[in-house]
Every structure is written in C-alpha cells, then in structure tokens.
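Below is one structure; the comments refer to it alone.
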C-alpha cells in the first residue's frame, strides 16, 4: 500500500509541474500551458512549483506570476536533456512532497516509479505521437513507443490535449485519458504598427510559425508558395537548433518572395503578425492540439492546415486543408483571389477560438489535482495498475 495524501474541495494544494523547460514560456506548447494554467492555479491560492531549465543564471527568477520556480541543470544533448533534467526534478519533488505532480511528456515515464514509491499522486500529460517525429531515428522512436506503455502502466491519470490523442491511447492500450486541451489567447484587433517596421502590410502576407522539423511541413508550405505564383510574400517565423540540413533544404526551396524572420520572441510583434496575416499556414501533423494554431484562430485569422485529425478537430469548417505542396499551391492562389471567403473564414475562426478557454482548462487541471490528492492508490498487480479508494 502506498501512502495517501488528503485534499478537500476547498483547501489549497501543493502542485508540482515537472518535465518541461519551464517558464516564462518561450519554447512550445507545454511551456505555454504551464504558464497559463500554473498562474491561474496560483491565483486560486494553490502553491505551484515549476521546474525549469535552460535560463541563463542572471535570468533565473525564483517566482513568476505567483509560481515558485526551481532551476536545475540538464545534459546538453538532445537525447538526454529532458530526461536528465526531469530526474533531478523528480528527486527535488520527492523532497518537497507535493500533493499532486503533473509530469509532462511520456518520454519521462521511466522516472514515474520514483514518484509512485514516494506516495506522490501523479498524472502524465502524454503529448502527441512523438515516435513519429523524424528527428529521433529508429532508436528514439522505439524509446517513445516503450514510454507510451510505461505511462499507461505507471500513471494514476493520463492527460490528452486532443481527442485524436485520447482515441489513440484508447485504441492501442485500452486506457482512459482526461481530455484537457490548451486555451486560445484572444488577440484583440489593433492598428498595424509593428509589422510596418519589417515592411509588411495588413492582409498583405501569408504566415507560418513553426520549428523547422519534417513533421511540421514548413518545407512543403514554402515549396507550395514558390510553385503557386502567389503575389503576396510568405513570412516564416521559426528555426531549428538541431536541424541544420533540414533548415538548409527549406531555404533552398524558397524564392525571393519568402521572408525568413527566425525566432521571434517579441510577443507584441508576434501577436501582430498573427492578427494581420491574410492566411496562417499550419503544417503540424503529430503534436495534438497546437498552441500556434490556437493563437492564430484567437487572432481571428483564417487558417490553411495540413490535413490531419488534430487540425480538423480544432478548425472544423473554418479551415482549408492540404496534404502536399501541390494542394498548398492551389490554396495560396485561392486565398489571394477570394478575399471575401477568407474574411468569412476568419470570423468563423475567432468564433471557434471561444471553445478553447484557459479558465475552463484550468478548471479541469484543478479538478484533476484534487482528484489525485483526495485518493489513496494501491498497487494491485505487477503492471502497477491502480484502484481508487476514496478517503
């Protein structure tokens, strides 16, 4: 029998958020979710600890938006960075004794037994289908497939951010998940000021924001733009620190109408880029519900997306879809020729964004943490499955 942790429906909880780069959010979906949800949980009175890595010593804050930050090192190697940092974070969390631990990324599953043996209730946010990412290679892909199963065995709850991910875990493992999406930030309409500084006009460009990874299909979008004869420029925001060859291929696919901005960390400029684009192009295919896509619809911008269930789930009828550069090329031409249709799709996109509310997302996380803290968990067989026993 593992130890128990009690939490009623009103008392504040000690919650640890483990397995990401931490906050302030400058990288991806996990970090965005932690910043938005963690800050709201802190405002509700909970003691939220976020484990962080990567910040320079002079930039390391101890508190951010009410969250306590713990900065720990990591091996500077892609295959070991996440797991090494999470190992130190788990050790610290065991010492800190949270009432609920939320572990992000199924790749961290080998470390879950340490939290379990310390009687710390835990849930794992499994992320997308990471084993499909080309950057990992055969060994990395096998590792992720194994970790998916370990997450099912050793987690007291699984979090999926898209129905497609929930369906995958049900069909493959017969496992239940909690469907908790990300929120869509609503970007209010503002005068176009910052984009003029980089030579852009409202509704006068196409936009793609993505890390340069094969499964994000930036190369496909760039080739489609080159093939289309589109008159408006394509603005590309993003980079890839570990993918020099793929980055070179993307640049070689471009013509002089493509404007590469690299990483844009100025949030005001980034918001304006989303809000003033004619079309936002979204090529992500394996990551579940994507914050960049939500940001685009929250800005009221029409979206053309890679045709995969995660993107269709978010956009519904407001989106147009492509599967290769030829279809993308056709959509570039369609968007520039039919502005009225694009405007109608933009209205639909902003309406769709209302379904993705960060306060409702936080409600779901808070309920999950209370469910974890208010149960006793008992190992019932060698696969480490659990039986709930209400206190």
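Observations
- When the Cα gyration tensor is reduced to axis lengths a ≥ b ≥ c, the ratio a/c is 1.5 or higher for segment 30-96, and with a/b above b/c it is classed as prolate.
- Each of residue 316 and residue 255 was given a label point 7 Å from its Cα along the Cα-to-Cβ line. The distance between the two points is 3.8 nm.
- Across the chain, counting alpha-carbon atoms alone, Rg and Dmax equal 21.4, 67 Å.
- Acute angle (nearest 10 degrees) that the helix 358-373 long axis makes with the longest principal axis of the chain, alpha-carbon atoms: 20
- Taking Cα atoms only, the orientation of helix 339-353 departs from the longest principal axis of the chain by about 10 degrees.
- Percent RCO, i.e. relative contact order, over the chain, from Cα pairs under 8 Å lying at least 6 residues apart: 18
- When DSSP beta bridges are restricted to pairs lying wholly in the chain, around 15% turn out antiparallel.
- Taking other C-beta atoms within 10 angstrom as a stand-in for reagent exposure, 167, 127, 359 fall in the order 359, 167, 127, fewest first.
- Nearest 10 degrees, 0 to 90: helix 163-173 Cα axis against the chain principal axis: 50
- Peptide packing for 183-194, 215-226, 55-66 was compared via the average number of neighbouring C-beta atoms within 10 Å per residue; ordered from the highest value, the list is 215-226, 183-194, 55-66.
- Residues 354, 132 in ascending order of nearby Cβ atoms (within 10 Å, fewest first): 354, 132.
- Cα gyration tensor, segment 195-353 - rounded (a/c under 1.5), prolate or oblate: rounded
The numbers here are math on the coordinates, done by the rules we state, and not lab data. Quick caveat: nothing in here was measured; it's all calculated off a predicted structure. Note that we place each Cβ from the backbone using ideal geometry, even for glycine, and neighbour counts take in every protein chain shown.
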